[in-house]
Amino acid sequence: MRHRPRPLTEQHVTPESLYLTRRHLISGLLGTGIGLAVGDAHASLPTGAVLHAAHNAAMSVSAPPNSWDDITTYNNYYEFGTDKSDPAQYAGSLRVTPWTVTIGGEADITGPVSLDDLLKPHALEERIYRLRCVEAWSMVIPWVGIPLGEVLRRFKPRSNAKYVRFTTLNDPTQMPGERSSILHWPYTEGLRLDEAMHPLSLLAVGLYGRSLPNQNGAPLRLVVPWKYGFKSIKAIVGIEFVEREPRSAWSQANPKEYGFYANVNPAVDHPRWSQASERHIGGGLFAPRQPTLPFNGYAEQVADLYRGMDLRRQF
Ligand SMILES: Nc1nc2c(c(=O)[nH]1)N[C@H]1C(S)=C(S)[C@@H](COP(=O)(O)O)O[C@H]1N2
Ligand SMILES: [Mo]
């Protein structure tokens, strides 16, 4: 992963501020008999659709979110190129409907599931999370999604399932970057099962109250806010319960630089740069770097997952 300076053309654009919450939807429709049909509210998710999501304040940071423009034009998504501006420019070639996720491995229930069926039992939530890229830049993003753990439980993982492996779509006709050999395709990632079950782990389908733009991982991507951004895999088509620690695309490409755990850790530098501080995107050209926090500020919630581990060795 290259460490790129921020483009000088970056601008601050007022975020979209008007979007419905699920609570508004329900109160607005109470008495009509359709107010609780929230499960249908996110069927098939055409790009840009308004989503009905209740803001989850307890699971959100209070820092102001980055603008829509920051979040949707400064991206890492090597399936569409390696420049930050490539995904916004080229990800339109990805077809996100219909979308199927195949569940596999050590679980009682496996097989293909349509995205609609995957989402249907769950109420969408808005959660404002910090995102810290391993390249030492950061943003604050108002995601819309559902808790990963609640989704995984529906498939009844077996007792020998210790990890979850995620796979991105592998289709060079839609993802031209997959013709390059910069990574082994498809992009894959993994979590320990207890990390995946942690209430902060989110399957995102939207941001700023709308379905995800393609460049942000439409129609379904992972968000694990205490880990470096590369763990938060986009355009997920496969979820597999496995017994052994899976290899992920970045640890396969360069195991010395990108570990399996990838917990944000200001005390463990990347071999080529410091992780002690970060450049907050949207802060302006002369904004000071801000200190990077252990577990990206989520230590209180997640540090227990790693008790007894040597986080320098298991980075
Ligand atoms: N499939 C896939 N997922 C991916 C990536 C990628 O190149 N391919 N890049 C990762 C990296 S390095 C980061 S920082 C985040 C960026 O997410 P964002 O563009 O929505 O901010 O996506 C992650 N997920
Ligand atoms: Mo990243």
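Each value in this text was obtained by applying a stated rule to the coordinates, not by laboratory testing. Keep in mind it's a predicted model, so treat the numbers as computed, not measured. All Cβ positions, even for glycine, are placed from backbone atoms using ideal geometry, and neighbour counts span all protein chains on display.
Assorted remarks:
- Subset of the stretch 118-141 [away from ligand 1 (no atom under 12 Å from the Cβ), buried (at least 21 other Cβ atoms within 10 Å of the Cβ) and either without any contact (Cβ under 8 Å) to a residue 60 or more places away in the chain or not basic (Lys, Arg) (or both)]: Leu118, Leu119, Leu124, Glu126
- Leading residue by the ranking (nearest to Ala196 (Cα to Cα)) among those in the stretch 293-308 that are more than 19 Å from the chain's Cα centre (by Cα) and in contact (Cβ under 8 Å) with a residue 40 or more places away in the chain: Leu305
- Residues (in a loop (DSSP other than H, G, I, E, B) and either acidic (Asp, Glu) or in contact with a Leu (Cβ under 8 Å, 6 or more places away or on another chain) (or both)) located in the stretch 287-315: Tyr298, Asp310
- Residue satisfying all of: in the stretch 212-236; in contact with a Ser or Thr (Cβ under 6 Å, 6 or more places away or on another chain) and assigned to a strand (DSSP E or B); farthest from Ile128 (Cα to Cα) among these: Leu222
- Matching helices (runs of 4 or more DSSP H) fully within the stretch 107-210 where at least 3 residues are under 30 Å from Arg272 (Cα atoms) and of a type in the set (D, E, K, R): none
- With respect to the conditions (1) out of contact with any strand residue (DSSP E or B) (no Cβ under 9 Å at 6 or more places or on another chain); (2) away from ligand 2 (no atom under 16 Å from the Cβ), Glu106 lacks only one, and its number is (1).
- Any hit, the stretch 218-232, residues being free of Cβ contacts under 8 Å to residues at least 40 places away in the same chain and within 14 Å of ligand 2 (Cβ to nearest atom): yes
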